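Below: one structure, written as structure tokens.
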Amino acid sequence: MSEAAQQTEVPERVLDYLREHETLTLATASANGIPRAATLTYANDGVTIYIWLSPDANTARNLAQNPVVSFAIDEYSEDWRKTRGIQATGEAEVILRPDAVSR
């Protein structure tokens, strides 16, 4: 997600939730609006979320055409009152700098 996302004030419980989980569902759309959802593993640094995609993946092609994304990280419970999750929107950007990739 972009640097603007880092400037957003986020409750500590949200940051804890991000650290406690490993997968998210990422929603993208092509340039002509065809939606796609993919479940991916992620790493985060605060509210900045990192995912890895093959450049040939449909999701990666969508991001090249339209960097606006939405995502959800959630956990199901049979008791719907105990179902938890977070949802957000942001803008994706490709990271190619070796120091950023290795971090």
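The values are calculated or read from the model by the stated rules, or taken from the named source; none is laboratory data. Keep in mind the model is a prediction, meaning the values are calculated, not measured. Please note: Cβ atoms are built from the backbone with ideal geometry, for glycine as well, and neighbour counts cover all protein chains shown. Side chains included, ligands, DNA and RNA excluded: accessible areas come from the protein's heavy atoms. Shrake-Rupley method; radii C 1.70, N 1.55, O 1.52, S 1.80 Å.
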Going by accessible area, probe 1.4 Å, with all protein chains left in place, what is the ranking of ARG13, ARG19, ARG84, largest first? ARG13, ARG19, ARG84
Given charges of +1 on the Cβ of Lys and Arg and -1 on the Cβ of Asp and Glu, with all other atoms neutral, how large is the dipole of the chain about its Cα centre, in debye to the nearest 20? 240
Tell me, what ³J(HN,Hα) does each residue in region 62-68 have, in order and in whole Hz, if you take phi through Karplus 6.51 cos²θ - 1.76 cosθ + 1.60 with θ = phi - 60° and put x for Gly and Pro? 4, 5, 5, 8, 8, x, 6
How much accessible area does VAL14 have with a 1.4 Å probe, in Å² rounded to the nearest 10? 30
Would you mind computing Rg(Cα) / (2.2 N^0.38 Å) for the chain, counting N as its residues? 1.11
Per residue accessible area of the chain, 1.4 Å probe, in Å²: 72
Using DSSP to call loops (not H, G, I, E or B), can you name the GluC sites (Glu not before Pro) in region 6-84 whose Cβ has at most 15 other Cβ atoms within 10 angstrom? GLU9, GLU22, GLU78
